[in-house]
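Let me begin by presenting the structure, written as structure tokens, before commenting on it.
Bear in mind these aren't lab numbers, they're just calculated from the coordinates by the rules spelled out. Just so we're clear, the structure is a prediction, and the values are computed from it rather than from any experiment. Backbone-built Cβ (ideal geometry, glycine too); neighbour counts: all protein chains shown.
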Amino acid sequence: MNIKTLNVILKYANPKRSVMLKGWHGIGKTEWVEHLAAEWGLKLVIWHASHAADAGDITGLPKSIKEKIIWYTTDENGQRIKHEEEHEVTVMCPPRWMLQKEPVLLLLDEINRGLSMAMNALMQLTNSQEYDDIKLPEGSRIFSCINPDEDGSYDVSRLDAAQISRFDVYDFTPTVEEWIEWARTHGVHKSIIDFIVAHPRYLDPYTNDDLVHSVNGKDCAKLPDRRAWTTAVSVFVTNGERDHLFETPQGLTIMVQGIAGMVGNGAADMYVDFYANSKNALNPVKIITAKELDDGTLAKIKEVFSNDVTAGLGFIKSCTMYLEDNLSELLNKTNNGKLWSENLYEIINCLTPDCKVTAVSDVIYAAVTERKAWAKGVITLKPEFKELIREARNPLIR
């Protein structure tokens, strides 16, 4: 569910009900709850379930106090007699996070990563905003954020039906457009925003099947997510540009290696190719979608990639990724699809012979053998690609 819809639902929902947001890691659940707290004028209190050692982290720890017990009896004359005794009794000393004097937004973060006994202790709190004789101030809200457990991607516990019944549960899936709008006002590097506009499948961890397949079975393998693009890649690129780090081929190699540790190898390769091309005034998306490719643009492509086959290959991959991200127009044989296929053909033909052969073999032919839908689309719309493949695969023809 996107943020726009969630905002409408929360406006009319019962504010005393606890709300659970379920979504991928790094998609912005916690940050959005922080935004809600500020918007509603509530103090934000975060309790991390994974930190709870036992139920005492919720109920508090016992302490002994002296308490006077008073009771009355009646004597044989009907007189009421008062009795007093002092005893040591045990009471619970509540945790600090439960002692609030003003309305709060209490975020129970990652509650399906906590111990079972701690989760059970939360049931009264999430149902009525109170625990024993401790109650959250009137006007408080309770939210929880969790990663889903459906496909085994996360090491989390499954909440039972009674625990879930205390929450209104919503899948948290803000759209790419919502992230782009947010990123433009929160200092995210422009090249990252432009890259995601062109290749939206690289924003979240499980929207790119090729990337997911590439890391299957690998230990500590990275996939891209919104948090990494925002807090890691954007900062790295901004700091590197300040010292002119990425203005040489060696610097771009460092860029790939650094960003690979943040969003994974596949996303890093694609982003750095996009970044380098944008610095050369060669935006793959603008060129592949151009109404007409003039001689100056084609000459610039040939000049930039004449001595750098790797960069030329990256540029072609960026172009074909755009086609893959817009398959419906390509496969429906729209005017746009025909135009894009024509442009790709012209771009490849203006490359130097070595770069052209590599691009056709490693990108076009490889996609055909892998039965990629976009490759079938461009060959259908531009049959001349068959001859390019034949030439690239046969050294005698070249």
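Report the antiparallel proportion of the DSSP beta bridges in region 63-142 as a percent, rounded to a multiple of 5.
90 percent
For the pair ASP133 and THR289, how long in nm is the line joining their label points, each one 7 Å along Cα→Cβ?
6.5 nm
Under a 5 Å amide H to amide H cut-off, with H placed in plane at 1.01 Å, what residues pair with SER144 once short-range neighbours are removed?
VAL19, MET20, LEU21, LEU108
Comparing GLN79, GLN257, GLN100, which has the greatest mean-square fluctuation in the GNM of the chain with Cα pairs linked when under 10 Å apart?
Highest fluctuation of the listed residues: GLN79.
Mind sorting ILE81, ILE180, ILE9, ILE192 by how few other Cβ atoms lie within 10 Å of their own Cβ, fewest first?
ILE81, ILE9, ILE180, ILE192
Kindly write out, for region 349-359 in residue order, the coupling ³J(HN,Hα) from the Karplus curve 6.51 cos²θ - 1.76 cosθ + 1.60 (θ = phi - 60°), rounded to whole Hz, with x marking Gly and Pro.
6, 8, 6, 5, x, 5, 5, 5, 4, 5, 5
So which GluC sites (Glu not before Pro) in region 281-338 pass both tests, a DSSP loop state and at most 16 other Cβ atoms within 10 Å of the Cβ?
Passing both the DSSP loop test and the Cβ count: GLU292.
Grab every C-alpha pair in region 177-393, bin the distances at 5 angstrom width from 0 up to the longest one, and report whole percents.
The percentages, shortest bin first, are 1, 7, 15, 18, 20, 17, 13, 7, 2, 0.
Considering only ASP269, ASP295, ASP75, give the residue with the highest GNM mean-square fluctuation for the chain, with springs between Cα atoms whenever their separation is below 10 Å.
The residue that fluctuates most here is ASP75.
Going by how many other Cβ atoms sit within 10 Å of their own, how do VAL45, VAL19, VAL212 line up, fewest first?
Listing VAL45, VAL19, VAL212 from fewest to most nearby Cβ atoms yields VAL212, VAL45, VAL19.
Given labels modelled 7 Å from the Cα in the Cβ direction, how far is it in nm from ASP160 to ALA299?
7.6 nm
Between THR248 and ILE81, with labels modelled 7 Å along Cα→Cβ, what's the label distance in nm to one decimal, could you check?
10.0 nm
Relative to the longest principal axis of the C-alpha atoms of the chain, give the angle of the C-alpha long axis of helix 3-12, reported between 0 and 90° and rounded to the nearest 10°.
20 degrees
If the limit is 30 Å between Cα atoms, which of LYS190/LYS317; LYS11/LYS286; LYS302/LYS376; LYS29/LYS372 go over it?
The answer is LYS11/LYS286; LYS29/LYS372.
Which FRET efficiency, nearest 0.05, do THR352 and GLU329 yield, Cβ-Cβ r, R0 51 Å?
Given R0 = 51 Å and the Cβ-Cβ separation, E is 0.95.
Which percent, to the nearest 5, of DSSP beta bridges fully inside the chain are antiparallel?
45 percent
If neighbour count is taken as other Cβ atoms inside 10 Å, put ASP362, ASP219, ASP160 in order from fewest to most.
Result, fewest neighbours first: ASP219, ASP160, ASP362.
Counting other Cβ atoms within 10 Å, keep those with at most 10, restrict to DSSP loop, and tell me which trypsin sites (Lys or Arg not before Pro) in region 159-229 are left.
Those satisfying the criteria are LYS218.
Can you give the helix-only mean residue ellipticity at 222 nm for the chain, where every DSSP H stretch with n ≥ 4 adds -39500 (n - 2.57) and the sum goes over all residues, rounded to the nearest 500 deg cm²/dmol?
Helices in the chain give a 222 nm mean residue ellipticity of -13500 deg cm²/dmol.
Which loop-located GluC sites (Glu not before Pro) does region 109-177 contain, where loop means any DSSP state but H, G, I, E or B and the Cβ has at most 14 other Cβ atoms within 10 Å?
GLU138, GLU150
Could you give me D for the chain, from Stokes-Einstein at 37 °C and 0.692 mPa s, where the hydrodynamic radius is the Kirkwood radius over C-alpha pairs? Units µm² s⁻¹, please.
Here the translational diffusion coefficient equals 129 µm²/s.
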